[in-house]
Ligand SMILES: [Zn+2]
């Protein structure tokens, strides 16, 4: 037997089911306790003076006052939950559903599932979580990378996209994508909204997404030619279908389109980049749900997700 997935300790401790999650994070204080342990695994440390003695304030929720310098520090400081009026339990549930559902969750679904009072609250919650999805320090793709571009129809007003692509009245959004391939399997991806399929747009996308000396595979669209610092293999498709020559990026695009229709009934033009970010976030963390959960809540932000390859170990 081979290909056994060995998960890290924190992944193993991550709740496996809704029941387990509900039991573990049932109260505000349970959520606050979790945040405290993530933030100060060795016990409280004052960010002001480094002191280790503090009082839990009675007047402010989950806030500690340093016994030495008097500075007050909340367990939510530095997370997206800070200064929010929503209960921590709601934030935890929303992040859990976003991180663990393979297709994510729309604001309307979240409103219904969590019994939120208004759609606006649910929408804001989703928007904040979605903005936590791009790690500004993420590493560029490297090694073998497939890149391509596509068009997706967008939804206007409240009309779902049900008309065939190309029909008048339905606009198109242009998207560039890249997928890193290792051992014949996809690892991480990038998707960006682009303004056109010209050389400037595609060069900007590729050079922003991949590391120098990447082995890039594309079709023979001329805009990809002469990329500086990249080893480029342009495949002339001819009779060969694009989904055979560039299988992973094509699978990514088709999953993206299906996801957009399935979860959001068609993506809208404003905020499209955030939806692409959400799709990529979930794709890149499909094996590390606990890391996705932590990232969404803004906790443990200095710990980058363990790469998939580290999680795979051949059984003896
Ligand atoms: Zn202090």
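Per-structure values
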| item | result |
| --- | --- |
| Degrees between helix 28-39 axis and first principal axis of the chain (Cα, 0 to 90, nearest 10) | 70 |
| Simple label model, 7 Å out from Cα along Cβ direction - residue 226 to residue 82, nm | 4.8 |
| Inter-label distance for residue 235 and residue 61, nm, one decimal - labels placed 7 Å from Cα along Cα-to-Cβ | 5.3 |
| Added length on full extension, which subtracts the Cα-Cα distance from 0.36 nm per residue, residue 135 to residue 29 | 35.3 nm |
| Cα-derived Rg over Rh, computed across region 171-290 with Rh taken as Kirkwood radius | 0.95 |
| Relative contact order, percent, the chain [alpha-carbon distance under 8 Å, six or more residues apart] | 22 |
| Virtual paramagnetic centre 7 Å along Cα→Cβ of residue 16, amide N under 20 Å, in region 274-291 | 286-291 |
| Over region 181-258, relative contact order from alpha-carbon pairs under 8 Å, at least 6 apart, % | 22 |
| For 29, 84, order by how many other beta-carbon atoms lie within 10 Å, fewest first | 29, 84 |
| Relative packing of peptides 131-144, 276-289 - highest average C-beta neighbours within 10 Å first | 276-289, 131-144 |
| Fewest-first ranking of 23, 294, 219, using other Cβ atoms within 10 Å as the exposure measure | 23, 219, 294 |
| Inter-probe distance in nm under a simple model that places probes 7 Å from Cα toward Cβ, at residue 112 and residue 174 | 3.7 |
| Packing-based exposure ordering (other Cβ within 10 Å, fewest first) of 267, 256 | 256, 267 |
| Helical mean residue ellipticity (222 nm; -39500 (n - 2.57) per DSSP H run of 4+; nearest 500) of the chain | -11000 deg cm²/dmol |
| Shape of region 19-148, Cα gyration tensor, a/c cut at 1.5 | oblate |
| Principal-axis tilt of helix 119-131 within the chain, Cα atoms, nearest 10 degrees | 70 |
| Extension gain (nm, one decimal) between residue 101 and residue 195, 0.36 nm per residue minus Cα-Cα | 30.7 nm |
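Bear in mind that the values in this text are calculations on the coordinates, not laboratory data. What you see is a predicted model, and the numbers here were worked out from it, not measured in a lab. Here the Cβ is made from the backbone with ideal geometry for all residues, glycine too, and neighbour counts use every protein chain on show.
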